[in-house]
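What follows is a short report on a single structure.
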């Protein structure tokens, strides 16, 4: 199939999934009221408009941006480390975000005597800032190490060790925390596209949009990295600087998404493989934008399944992403042999 047809098909699929995410949910909505609300009419009931504009539409936007960000982040990591098992969490950046949340949620509750989960918007913003701070600190540490280490494998191992240390500290904090705070942390760790309140949609959308646009100029460097370090240097690539830029781009995409949505597993690892299998090339001029769109498609699909009619609330996104995504990726890989 021609690549132009594939790109057109995935764009149409995104539009259909956006419509499905707005229409379907625990509360059925008439199609006419949905259309009237989206075009700015006032005929639909106030309750319907609130459900669409303050719940379903923001969640749909968050899911598509988060899926695209994690897919691009995973593709960048797999390329820079030339490792098919690399993903956005491979350098411990997601673990750093989790540690930041644990420090505020678990330790803060013990010191202040007030559960942060009961503080509404203030508590949500505190958790977001804590996650960003934890992720950024780990990323700065990784960048500092990358300037002193020439081997990508060594940097990869150091990142994994940082993740283990962060998880160990989280385990210690859990041991000394009260049950309510531990439960709040576990719920945060399940990941959710519903966690971003309407007041925080704009900062998330602007940040992820800018970071995704800034990842596009890195396509040439990513293609050269596929050739190996020696060939890339001979072709004039400043390997250390390029690797630093790619790691920073991937790390920031992972950090922002984790801060707002919690640790979303599987998407960053699976979508690049899925995209390679469908589009049939490793050229990042085509692979990166196709992965971006495919990440949005898979995230929207998982979000829709997590909110299927008949469920009270929503299923954990992490469970749905693995259950739905893994068989699809395996099928594509087996089909492509």
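A short reminder: the numbers here are calculations on the coordinates, not readings from a lab. As the structure is a computational prediction, the values presented were derived from the model and not from experiment. Positions of Cβ are generated from backbone atoms using ideal geometry, with glycine treated the same way; all protein chains shown enter the neighbour counts.
Data overview
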read-out: Label-point separation in nm, residue 19 to residue 47, each point 7 Å along Cα→Cβ; value: 2.6
read-out: Added length on full extension, which subtracts the Cα-Cα distance from 0.36 nm per residue, residue 165 to residue 202; value: 10.0 nm
read-out: Of 228, 163, 92, the one that fluctuates the most in a GNM where the chain has Cα springs shorter than 10 Å; value: 228
read-out: Virtual spin-label span in nm between residue 157 and residue 85, 7 Å along Cα→Cβ; value: 1.4
read-out: For the stretch 195-257 and the stretch 18-72, distance of Cα centres in Å; value: 30
read-out: Order of 266, 7 under a 10 Å beta carbon neighbour criterion, fewest first; value: 7, 266
read-out: Calculated Cα extents along the principal axes in Å (choose from (i) 65, 57, 33; (ii) 90, 66, 29; (iii) 52, 45, 37), label; value: (i)
read-out: Two-site FRET efficiency, residue 27 against residue 129, from Cβ-Cβ distance with R₀ of 22 Å, rounded to 0.05; value: 0.10
read-out: Relative contact order of the chain, pairs being alpha-carbon contacts under 8 Å that are 6 or more residues apart, as %; value: 31
read-out: Computed FRET value (nearest 0.05) for residue 241 with residue 4, which takes r as the C-beta separation and R₀ as 30 Å; value: 0.35
read-out: The chain, helix-only ellipticity at 222 nm - DSSP H runs n ≥ 4, -39,500 (n - 2.57), divided by all residues, nearest 500; value: -24000 deg cm²/dmol
read-out: Inter-site label distance for residue 150 and residue 175 at 7 Å from Cα along Cβ, in nm; value: 4.2
